[in-house]
Structure formats: structure tokens, C-alpha cells
């Protein structure tokens, strides 16, 4: 039987208690760091956060409903929590939005930095299911691009929607260069000009600028941007790894329809979405105010149907952790298998 919701004053007191417990536990851990092995430090950090997040999650405040209580938590424990550069970046959103290119690049490269305590916080962040899922999907798309390019007898056009740091494209380009195979023409679409500049610089290690097309656009308006759709048209592959986490059902179906319409007759589309039951959700929301629209396998099938895609023209799968689902859709004349 479900317990009755806690009153606002009770919620506040419970959050305050958790915050003070975090302060005490992390302060003691910081004092003991010189005597602990890396494995012991990480075990302590796991235990410390597991207890705190369990108590916070039990309050039943998910999504933006925990925004105000999480501010209480952060205000009390800020001195300790800000030692962790990744959770601080998630919280402060220096580029103005969650999951920015810098954050994604650091996740993909398993970047850890700062003091001993800060590095322990960063390692905890990187061990979570959601960052692991991001790394998995990045490798997954790099493999699909590489295999598609290796099997093609003509130049390919690959489009990344919400391209961020384009780490997946960089991995694919590196592998293709190592195998002496031609690189596709990459089209990067993002609203953040700094993300596009960063991605182009990274890709420059493997491909010339004439293989890279940058498109700055408001991704939420893409279905209405006909001129942009024309520039994306005739694509062999279009993929979107992050944007659908921030769209409602109608927006998601509309964008999916627009993206598939930008592929040629043998093209395909991949869109990713975090699944319900994300084990990292409490950590992401309470410490980072990082909110997503979570979907189930059935939700992705419904999205495809609303986008006018028949069930025999798509499939739903997940990266190895099962945390990040994806929908793959193709045209009637094509069902490329890798």
C-alpha cells in the first residue's frame, strides 16, 4: 500500500536531514582519503550516495517537482557537492541547457578531474547507468556508420541531429581512416554554435572540412524549416541521440516523420530515448535538475505509428544497459542489417 504524500514541511525537513548527512559523510570521507585505496574510496562514495538518493527518491518528487527541494539540498551541501565537476556542470548548465556538448564529450572520454574528493565525485558520476548508456550509444552509432560506409559503393551522407561534440562521428571517421575507406559527408545540426565549432575541430583530426557541413538551427522547429529539410534531404542515415528526451509525444512523432522524409529510398533513421526505470534518475534530477521525458518500448512503437511508419518498417532496441532505447526506421524498399 502506498504511503500518504508527505507535507511540504515534512519534505523540507527530510531534505535538510539528507543534506546535513551528505555534508557529514563527505567531510569524513575527505579526511580519510589519504589512507584509502581507490577502490575503497569508490565503495564509500557508492554507499554514501545510495543511502541519500534512496531517501530522496522515497519522497516521490520526480521531474520538475523536485526543483525547489533540490535547491535546499544543494544550498546546504554546496561546498562539498561542488567539488564534483561533472555534477556541478549538470547543476549550473554553463551553456544554458542540460546535456551540452562539453558534458557529453567528458562523458564519452570518461574525463575525471579536480581534487581527490572531486575526482571521487566524478568517478561516481561516470559509473552511473546513464553515462554508461551514453558511451554505449555513441559506440553503437559509430559502428553502424562504419559498417554502412564499408558496405557502400558510393559516397554516403550521414546527418546528426543535435550533434553535440560529434564523438560518434569522430569514432567512425577514425575507424574508416584506419581502414583506408572513404569517409561519408557529415551534416551536423545543432542550435549551439560552440558545439558546432567544437565538433568541426574534433572531426578535423580525421576528415577535411569539405566533408563536414554545419547547420545551426532551432531543433524544436526543424519540422517547419523547409529550407533546412531540403539541405538534409537524400540522406543515407539520420540519427538523433538526445533530442527526443526533451520532446512530448506530438513533437516527437512530428520530428520523426520529418527526419524520415529527409532520407532517400534506401535511407534509415535512428532516434534514441531514455527508458522508464533509468537507475540514474534520482541522481540526475536531485543533484543536476536534469529532467527528461522517459519512454517505454511501447511508447516508441506508438511514436512510429503516429509518424506514419508501419510496424514492418521499423524496430525498437536498446544499447547494452537497456537504459537508452532506440527506434530504427527505414523506407519500404530498404531494411539494411548489419
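The values are calculated or read from the model by the stated rules, or taken from the named source; none is laboratory data. In this text, all values refer to a predicted model and were calculated from it rather than measured experimentally. So basically every Cβ, Gly included, is an ideal-geometry build from the backbone, and we count neighbours across all protein chains shown.
Could you check how many residues of the stretch 200-237 are assigned to a helix (DSSP H, G or I) and closer than 24 Å to residue 248 by Cβ?
10
Take the residues in the stretch 311-324 that are out of contact with any helix residue (DSSP H, G or I) (no Cβ under 6 Å at 6 or more places or on another chain) and in a strand (DSSP E or B), then tell me which one is farthest from residue 136 (Cα to Cα). Spell out the reasoning first.
Filtering the stretch 311-324 down to residues out of contact with any helix residue (DSSP H, G or I) (no Cβ under 6 Å at 6 or more places or on another chain) leaves 311-313, 315, 317-318, 322.
Next, from what is left, pick out any that are in a strand (DSSP E or B): 315, 317-318.
Working: 315: 18, 317: 13, 318: 10 Å.
Selected residue: 315.
Of the conditions (1) surrounded by fewer than 18 Cβ atoms within 10 Å (Cβ to Cβ); (2) modelled with pLDDT of 95 or more; (3) assigned to a helix (DSSP H, G or I), residue 150 satisfies every one except a single condition; which number is it?
Exception for residue 150: condition (2).
Within the group 197, 111, which residue is surrounded by fewer than 18 Cβ atoms within 10 Å (Cβ to Cβ), modelled with pLDDT of 95 or more and outside any helix (DSSP H, G or I)?
111
Which ones in the stretch 89-108 are part of a loop (DSSP other than H, G, I, E, B) and loosely packed, with under 15 Cβ neighbours inside 10 Å?
94, 96, 97
Considering only the stretch 184-194, how many residues are farther than 11 Å from residue 162 by Cα and either crowded, with 16+ Cβ neighbours inside 10 Å or not assigned by TED's automatic domain parsing to the domain that holds residue 171 (or both)?
3
Against the condition more than 30 Å from residue 69 (Cα to Cα), under 18 Å from the mean Cα position of the chain (by Cα) and modelled with pLDDT of 95 or more, how does residue 328 come out, does it pass?
Here the answer is yes, as residue 328 does meet what is asked.
Considering each residue of the stretch 163-182, count those that are crowded, with 23+ Cβ neighbours inside 10 Å and either closer than 24 Å to residue 266 by Cα or not assigned by TED's automatic domain parsing to the domain that holds residue 242 (or both), and give that number. Working first, answer last.
In the first step, residues of the stretch 163-182 are kept if they are crowded, with 23+ Cβ neighbours inside 10 Å; the result is 163-169, 172-173.
When the remaining residues are screened for being either closer than 24 Å to residue 266 by Cα or not assigned by TED's automatic domain parsing to the domain that holds residue 242 (or both), the result is 163, 166, 168-169, 172-173.
Total satisfying the criteria: 6.
Which of the following residues is assigned to a loop (DSSP other than H, G, I, E, B) and more than 16 Å from residue 272 (Cα to Cα): 86, 117, 176, 181?
181
Within the stretch 281-293, does at least one residue satisfy the condition of being assigned by TED's automatic domain parsing to the domain that holds residue 169, touching a residue at least 12 places away in the same chain (Cβ under 8 Å) and surrounded by fewer than 17 Cβ atoms within 10 Å (Cβ to Cβ)?
Of the residues in the stretch 281-293, the ones assigned by TED's automatic domain parsing to the domain that holds residue 169 are 281-293.
Filter once more, keeping what is touching a residue at least 12 places away in the same chain (Cβ under 8 Å): 281-293.
Within this subset, residues satisfying the condition of being surrounded by fewer than 17 Cβ atoms within 10 Å (Cβ to Cβ) are 293.
Checked the stretch 281-293: at least one residue is assigned by TED's automatic domain parsing to the domain that holds residue 169, touching a residue at least 12 places away in the same chain (Cβ under 8 Å) and surrounded by fewer than 17 Cβ atoms within 10 Å (Cβ to Cβ).
Taking residue 285 and the conditions (1) over 17 Å from the mean Cα position of the chain (by Cα); (2) not in a strand (DSSP E or B), which numbered condition does it fall short on, given that it satisfies the others?
Result: residue 285 passes all but (1).
For the stretch 136-145, give me the residue count where each residue is buried (at least 21 other Cβ atoms within 10 Å of the Cβ) and in contact with a helix residue (DSSP H, G or I) (Cβ under 7 Å, 6 or more places away or on another chain).
Of the stretch 136-145, the ones buried (at least 21 other Cβ atoms within 10 Å of the Cβ) are 137-138, 140-141, 145.
With the extra rule that they be in contact with a helix residue (DSSP H, G or I) (Cβ under 7 Å, 6 or more places away or on another chain), the set shrinks to 138, 141, 145.
Selection size over the stretch 136-145: 3.
If residue 224 passes every condition in (1) out of contact with any strand residue (DSSP E or B) (no Cβ under 6 Å at 6 or more places or on another chain); (2) more than 23 Å from residue 325 (Cα to Cα); (3) buried (at least 17 other Cβ atoms within 10 Å of the Cβ) but one, which one does it miss?
Here residue 224 clears every test but (3).
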